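Asker: Take this structure, written in structure tokens, and hold onto it; I'll ask about it next.
Laboratory data are not the source of any read-out in this text; all were calculated from the coordinates shown. The structure displayed is predicted, hence computed values, not measured ones. Glycine also receives a Cβ, built like all others from the backbone with ideal geometry; neighbour counts cover every protein chain displayed.
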Amino acid sequence: MHILLTGGTGLIGRALCRHWLPQGHQLTVWSRTPERVAGLCGAAVRGIGRLEEYDDGPLDAVINLAGAPIADRPWTHKRKALLWASRVTLTEQLLAWLEARDHRPQVLISGSAVGWYGDGGERELHEDSPPVVEDFAAQLCGAWEETAQRAGELGMRVVLLRTGLVLAGDGGFLKRMLPPFRLGLGGPIGNGRQWMPWIHLRDEIGLIDFLLQREDASGPYNACAPQPARNKAFARALGRVLHRPALLPLPGPLLRLGLGELSGLLLGGQKAMPQRALAAGYEFRFTDLDSALADLFKDTA
């Protein structure tokens, strides 16, 4: 299968390349730094800086994961513009290129996030649940999904992947959390009651591969484990696996003062459930948080 990836040098993209290369798939990554693709994704992965470099050769699937990190820094007007351009505008460029091609792929799997729902509070959120709060993250994910769905008008099957917090030992949000937790300075954020929908990296890759192969899969899928955890429980579980206390809370007012609007992303949450993935027959490798963290830190904790 010929597969084009955007965001291929990121955490999920690199893992997809490692998963698909041994299966004999032909992989191309559209990147701002194409010269780094082979080193990051595998020697057999081709890097291109412009979509036109792909030419009109065979293309079976597009995996659209590009997007600047959403929680790395406060949401200034400039940062919001970058987040929008790296997701919505990039997807518009991708669709314009696909529309101009003589031979279009059969499927587009496009990234999104559980932030699409906004802060869900205590509500259990399935794929058919409406957005709860129209904050910036929800607006961004909504526009991202709406843009990707236009690929359906080009005759493509469109899958929208509403990903939760991806757990990985070598990147993602855990990498940023580890330093204070390893020092015994970690703890819950705010009151710790907010829900954290999480997914082990192996299940994120497994689900993407499952949805790629399943020809009747389309529309939104919550990419998160069947057992979401509250923030306080997550902090305690991470402390246990690292053999460290996790008792020092990060006060909400301090977080709001330092991060402004972005703090809502950390103080809110979603009790998102992978209803459609389970109904389609996907079997999660990691369904509870303790086993997921134990797997990730079995050699380092």
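Asker: Can you tally the net charge around ALA15? Count Lys and Arg as +1, Asp and Glu as -1, for every other residue whose Cβ sits under 9 Å from the Cβ of ALA15.
Answerer: Net local charge, ALA15 excluded: +2.
Asker: May I ask which residue of GLY206, GLY252, LEU125 lies farthest towards the positive end of the charge dipole of region 60-296, with charges of +1 (Lys, Arg) and -1 (Asp, Glu) on Cβ and the Cα centre as origin?
Answerer: GLY252
Asker: Additional query: Once you measure Cβ to Cβ distances between cysteines in the chain, which Cys have no partner under 4.7 Å?
Answerer: That list is CYS141, CYS224.
Asker: Jot down the radius of gyration and Dmax of region 60-296, Cα atoms only, both in angstrom.
Answerer: 18.0, 59
Asker: So what's the angle, to the nearest 10 degrees on a 0 to 90 scale, between helix 172-182 and the longest Cα principal axis of the chain?
Answerer: For helix 172-182, the angle is close to 20 degrees.
Asker: Separate question: Under 10 Å, Cα contacts only: if you run a Gaussian network model on the chain, which one of GLY192, GLY164, GLY155 comes out with the highest mean-square fluctuation?
Answerer: The residue that fluctuates most here is GLY155.
Asker: Between ASP56 and THR76, what is the spin-label point distance in nm, taking each point 7 Å from the Cα along the Cα→C-beta axis?
Answerer: The answer from the label model is 4.5 nm.
Asker: Given the options LEU65, TRP195, GLY155, identify the residue whose Cα lies farthest towards the positive end of the charge dipole of region 60-296 (+1 on Cβ of Lys, Arg; -1 on Cβ of Asp, Glu).
Answerer: Of LEU65, TRP195, GLY155, it is TRP195.
Asker: When the Karplus curve 6.51 cos²θ - 1.76 cosθ + 1.60 is applied with θ = phi - 60°, which whole-Hz ³J(HN,Hα) does each residue of region 195-209 get, with x for Gly and Pro?
Answerer: Ordered by residue, 3J(HN,Hα) equals 7, 10, x, 10, 8, 5, 4, 5, 6, 4, 5, x, 5, 4, 5 Hz.
Asker: Would you work out if region 1-55 is rounded, prolate or oblate? Take a ≥ b ≥ c from the square roots of the eigenvalues of the alpha-carbon gyration tensor; rounded if a/c is under 1.5, else prolate when a/b is larger than b/c, oblate otherwise.
Answerer: Since a/c reaches 1.5 but b/c is at least a/b, the shape of region 1-55 is classed as oblate.
Asker: Taking the 0 to 90 degree range and rounding to the nearest ten, how far is the long axis of helix 90-100 tilted relative to the main principal axis of the chain, both from C-alpha atoms?
Answerer: 20
Asker: To continue, here is another question. Under a no-solvent Debye model with one identical scatterer per Cα of region 1-151, what's log10 I(q)/I(0) at q = 0.13, 0.16, 0.22 Å⁻¹?
Answerer: Log10 of I(q)/I(0), two decimals: -0.64, -0.92, -1.39.
Asker: Quick one: of the DSSP bridges fully inside the chain, what percent are antiparallel, nearest 5?
Answerer: The antiparallel fraction comes to roughly 5 percent.
Asker: Quote the relative contact order of region 60-296 in percent (integer), defining contacts as alpha-carbon pairs under 8 Å separated by 6+ residues.
Answerer: Once normalised by length, the contact order is 25 percent.
Asker: To make sure I understand, if each residue's beta carbon is the centre and we count other beta carbons within 10 Å, what order do LEU266, LEU212 fall in, fewest to most?
Answerer: LEU266, LEU212
Asker: Could you size up the charge dipole of the chain around its Cα centre, putting +1 on the beta carbon of Lys and Arg and -1 on that of Asp and Glu, and report it in debye to the nearest 20?
Answerer: So the magnitude is around 1340 debye.
Asker: Tell me, what ³J(HN,Hα) does each residue in region 108-117 have, in order and in whole Hz, if you take phi through Karplus 6.51 cos²θ - 1.76 cosθ + 1.60 with θ = phi - 60° and put x for Gly and Pro?
Answerer: In residue order, the calculated couplings are 10, 9, 10, x, 7, 7, 5, x, 3, 7 Hz.
Asker: For the Cα atoms of the chain, what angle does the longest principal axis make with the long axis of helix 231-242, in degrees from 0 to 90, nearest 10?
Answerer: Helix 231-242 sits roughly 90 degrees off the main axis of the chain.
Asker: Can I ask one more? For the chain, build the charge dipole from Cβ charges (+1 Lys, Arg; -1 Asp, Glu) around the Cα centre, then report which of ALA96, TRP20, ILE3 sits farthest towards its positive end.
Answerer: Positive-most Cα among the choices belongs to TRP20.
Asker: Another one. Would you kindly work out the equivalent ellipsoid of region 37-86 from its C-alpha gyration tensor and give its semi-axes, the square roots of five times the eigenvalues, largest first in whole Å?
Answerer: Ellipsoid half-lengths, sorted descending, are 29, 14, 10 Å.
Asker: Right, something else. Using θ = phi - 60° and the Karplus form 6.51 cos²θ - 1.76 cosθ + 1.60, what ³J(HN,Hα) does each residue of region 213-227 get, whole Hz, x for Gly and Pro?
Answerer: For region 213-227, the Karplus-derived couplings read 7, 8, 5, 9, 7, 7, x, x, 9, 6, 8, 7, 5, x, 10 Hz, x marking Gly and Pro.
Asker: Then there is this: Between PHE297 and ARG182, what is the label-point separation in nm under the 7 Å Cα-to-beta-carbon projection?
Answerer: The two pseudo-label positions are separated by 1.1 nm.
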